[in-house]
Amino acid sequence: MKYISTRGQIAPIGFKDAVMMGLATDGGLLLPTDYPQVDRATLESWRTLSYQELAFRVIAPFADDIPAADLKDLLDRSYATFRDPAITPLIKKNGVHILELFHGPTLAFKDVALQLLGNLFEYLLKERGEKMNIVGATSGDTGSAAIYGVRGKENINIFILHPHGKTSPIQALQMTTVTDPNVFNIAVQGTFDDCQTMVKQLFSDIPFKEKHSLGAVNSINWARVLAQVVYYFYAWLRVTDSSPKEVIFSVPTGNFGDIFAGYVAKRMGLPISKLILATNENNILTRMINQGDYSTGTVVPTLSPSMDIQVASNFERYLYHLFGDDPARVRDAFAEFARSGRMEFSEAEMARVRGEFASASVNREETLATIASFKESTGYTLDPHTAVGVCAALQRAADDAEVVCLATAHPAKFGDAVRLATGSEPELPGPLQGLDTLPSRCETMDAELALIRAYVERNAI
Ligand SMILES: *Cc1c(COP(=O)(O)O)cnc(C)c1O
């Protein structure tokens, strides 16, 4: 399998190089040149597979430069850290299926991808005799999932900047209680934007970036999308039997990584009739799908902070396909977007978008009401991100379809929002209990680039 850039200005590369490249060097995102097809008979033959076996079947054709035995071992180790033997179990409540993606070490769906990405990095660095220093900024969730993805791995150090006192206490503890020698937490006396700006400045200092082999774990890495394709297959196989039935997925969306994985599954032949893209008040993607209006607003803070995004980086992958796999059109559209803050679509393009996606934007009151009514009628507690997806799905009641709502975080991670909705906080699951009694390691630093730079330099592997 070869990978090309949505901007069309790199020579095709293999899977291993695509994982190491992350963002394409021409500023675009990497995509496979084609999507391997899974026919109905093959799909039926996958019903009895374990999650790990299914993951191998789905991923192997995209990663054909990794020997099968090695890929199997990477997948087995990546999902051994999950607390549920089904890895991503499903339950049915109120007529909808809930796909629980939060049984990994940090209780958010990002673990599904980052556990694999950490192992892939270690494997590829060893093969190449290279080292990597991962540097990233987090407002909460991604940081801990990234740290858990690479803790204790060889030839990798990770530096994660978070705004001191501005993440939830649990989120900070999830990061700072990882005391492996290759993990460096930096609490910055400033905002998340300060953190992000300094990380960008480090990456744009090319001699520094090259000297220390800086790497990133952001959601545009192709391996992250690919790992997420698996659970669409897994869920589809659980909610159908051999008689054909429509299946709809509802996906709480921020950076468009998770739902793009659903789109890839559909392109591979998985019979998904519709992908529902659910947003909170930060609804550029809903406006795009429903009105063809792709224009940025300002980010407003919501109860579902991991979806507080205006420009969704992975959306470029879908735009490439929407524009007929034409990289010149992608370049023009992004040049126009940079100039005017808008992008225009033809009637035919919008018809195609509406054929593939439906979308709803769910506000704060609806999110709280969904958590409350779901708890009331089923006893099951939704986290606020999942509630956005469930609310969007329930608005499209369809008796003749199986509806799968992706549950992206454990409710205890967002206890404040749950308490607002239901009057009580969900019980902390095992891994979140007693975090405050564990040893922790974190450097508190002023928001000054020179300080951060020197710290990374001192501790780089
Ligand atoms: C990251 C995240 C999302 C959004 O996923 P994208 O792939 O960015 O669209 C939704 N819910 C939770 C809990 C997340 O951490």
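Is there a residue in the range 94-101 that is among the aliphatic types (A, V, I, L, M), modelled with pLDDT of 95 or more and within 26 Å of residue 164 (Cα to Cα)?
For the range 94-101, residues among the aliphatic types (A, V, I, L, M), modelled with pLDDT of 95 or more and within 26 Å of residue 164 (Cα to Cα): absent.
Scan the range 130-155 and report the pairs whose first residue is assigned to a loop (DSSP other than H, G, I, E, B) and whose second residue is of a type in the set (Phe, Trp, Tyr), with Cβ atoms within less than 9 Å and a gap of 6+ or a chain change.
Note: pairs meeting the criteria are 138/192; 139/192; 140/192; 153/121; 155/121.
From the list 258, 193, pick out the single residue that is modelled with pLDDT under 95 and either of a type outside the set (Ser, Thr, Tyr) or under 28 Å from residue 396 (Cα atoms) (or both).
193
Report every pair of residues separated by at least 6 positions or lying on different chains whose Cβ atoms are under 6 Å apart, first residue within the range 212-239 and within 20 Å of residue 96 (Cβ to Cβ), second away from the ligand (no atom under 15 Å from the Cβ) and among the basic types (Lys, Arg).
Pairs found: 237/47.
With respect to the numbered conditions (1) in contact (Cβ under 8 Å) with a residue 60 or more places away in the chain; (2) away from the ligand (no atom under 16 Å from the Cβ); (3) under 18 Å from the mean Cα position of the chain (by Cα), which one is the sole condition not fulfilled by residue 38?
Of everything listed in (1) in contact (Cβ under 8 Å) with a residue 60 or more places away in the chain; (2) away from the ligand (no atom under 16 Å from the Cβ); (3) under 18 Å from the mean Cα position of the chain (by Cα), residue 38 misses just condition (3).
Of the conditions (1) within 12 Å of the ligand (Cβ to nearest atom); (2) farther than 23 Å from residue 368 by Cα; (3) outside any helix (DSSP H, G or I), residue 277 fails just one. Which one is it?
(2)
Of the residues 230, 217, 225, which is modelled with pLDDT of 95 or more, under 28 Å from residue 430 (Cβ atoms) and of a type in the set (A, V, I, L, M)?
Result: 230 is the single residue among 230, 217, 225 that is modelled with pLDDT of 95 or more, under 28 Å from residue 430 (Cβ atoms) and of a type in the set (A, V, I, L, M).
Given the conditions (1) in contact (Cβ under 8 Å) with a residue 60 or more places away in the chain; (2) over 30 Å from residue 323 (Cβ atoms), and given that residue 369 satisfies all but one, which numbered condition is not satisfied?
Tallying (1) in contact (Cβ under 8 Å) with a residue 60 or more places away in the chain; (2) over 30 Å from residue 323 (Cβ atoms), residue 369 fails exactly one: (1).
Looking at the range 285-318 only, could you name the residues that are surrounded by 21 or more Cβ atoms within 10 Å (Cβ to Cβ) and of a type in the set (A, V, I, L, M, F, W, C)?
Result: 285, 288, 289, 303, 307, 312, 315.
Residue-wise test of (1) more than 21 Å from the chain's Cα centre (by Cα); (2) among the basic types (Lys, Arg); (3) surrounded by 19 or more Cβ atoms within 10 Å (Cβ to Cβ).
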| site | (1), (2), (3) |
| --- | --- |
| 3 | no, no, yes |
| 7 | yes, yes, yes |
| 12 | yes, no, no |
| 26 | yes, no, no |
| 30 | no, no, yes |
| 58 | no, no, yes |
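Of all residues in the range 415-429 being modelled with pLDDT under 90 and more than 16 Å from the ligand (Cβ to nearest atom), which is nearest to residue 109 (Cα to Cα)?
428
Of the residues in the range 180-224, how many are within 16 Å of the ligand (Cβ to nearest atom), under 18 Å from residue 453 (Cβ atoms) and either in a helix (DSSP H, G or I) or in contact with a Cys (Cβ under 8 Å, 6 or more places away or on another chain) (or both)?
Looking only at that region, the number is 1.
Taking the condition of being surrounded by 14 or more Cβ atoms within 10 Å (Cβ to Cβ), without any contact (Cβ under 8 Å) to a residue 60 or more places away in the chain, of a type outside the set (Ser, Thr, Tyr) and more than 13 Å from the ligand (Cβ to nearest atom), how many residues in the range 374-414 meet it?
Summing the residues that are surrounded by 14 or more Cβ atoms within 10 Å (Cβ to Cβ), without any contact (Cβ under 8 Å) to a residue 60 or more places away in the chain, of a type outside the set (Ser, Thr, Tyr) and more than 13 Å from the ligand (Cβ to nearest atom) in the range 374-414 gives 2.
Being farther than 16 Å from residue 261 by Cβ and assigned to a helix (DSSP H, G or I) is the filter; apply it to the range 282-305 and report the residue that is nearest to the ligand (Cβ to nearest atom).
Residues of the range 282-305 farther than 16 Å from residue 261 by Cβ: 282-284, 286-305.
In the following step, the residues that additionally are assigned to a helix (DSSP H, G or I) were identified as 284, 286-291, 305.
Details: 284: 12, 286: 13, 287: 16, 288: 14, 289: 14, 290: 18, 291: 20, 305: 9 Å.
The qualifying residue nearest to the ligand (Cβ to nearest atom) is 305.
Within the range 306-321, how many residues turn out to be more than 18 Å from the chain's Cα centre (by Cα) and within 10 Å of the ligand (Cβ to nearest atom)?
Matching residues across the range 306-321 total 0.
Looking at the range 101-119 only, could you name the residues that are of a type in the set (A, V, I, L, M), under 23 Å from residue 152 (Cβ atoms) and outside any helix (DSSP H, G or I)?
Of everything in the range 101-119, those that are of a type in the set (A, V, I, L, M), under 23 Å from residue 152 (Cβ atoms) and outside any helix (DSSP H, G or I) turn out to be 107, 108.
Name every residue in the range 253-274 that is within 11 Å of the ligand (Cβ to nearest atom) and either buried (at least 22 other Cβ atoms within 10 Å of the Cβ) or assigned to a strand (DSSP E or B) (or both), in order of residue number.
Answer for the range 253-274, where residues must be within 11 Å of the ligand (Cβ to nearest atom) and either buried (at least 22 other Cβ atoms within 10 Å of the Cβ) or assigned to a strand (DSSP E or B) (or both): 253, 254, 256, 257, 258, 259, 260, 261, 262.
Six or more apart or on different chains, Cβ under 8 Å: which pairs go from a residue in the range 95-112 that's near the ligand (Cβ under 9 Å from one of its atoms) to one that's among the β-branched types (Val, Ile, Thr) and assigned to a loop (DSSP other than H, G, I, E, B)? Could you list them?
Note: pairs meeting the criteria are 101/88; 101/408; 102/408; 108/408; 109/408.
Quick check on residue 325: is it modelled with pLDDT under 95 and either surrounded by fewer than 21 Cβ atoms within 10 Å (Cβ to Cβ) or among the hydroxyl-bearing types (Ser, Thr, Tyr) (or both)?
no
Within the group 219, 204, which residue is surrounded by fewer than 23 Cβ atoms within 10 Å (Cβ to Cβ), under 20 Å from residue 143 (Cβ atoms) and among the small types (Gly, Ala, Ser)?
Every option except 219 fails the conditions.
Quick check on the range 246-264. Is at least one of its residues free of Cβ contacts under 8 Å to residues at least 40 places away in the same chain and of a type in the set (Gly, Ala, Ser)?
yes
The values are calculated or read from the model by the stated rules, or taken from the named source; none is laboratory data. Please read these numbers as outputs of a predicted model, since none were measured by experiment. In this analysis, Cβ positions are derived from the backbone assuming ideal geometry, glycine residues included, and neighbour counts consider all displayed protein chains.
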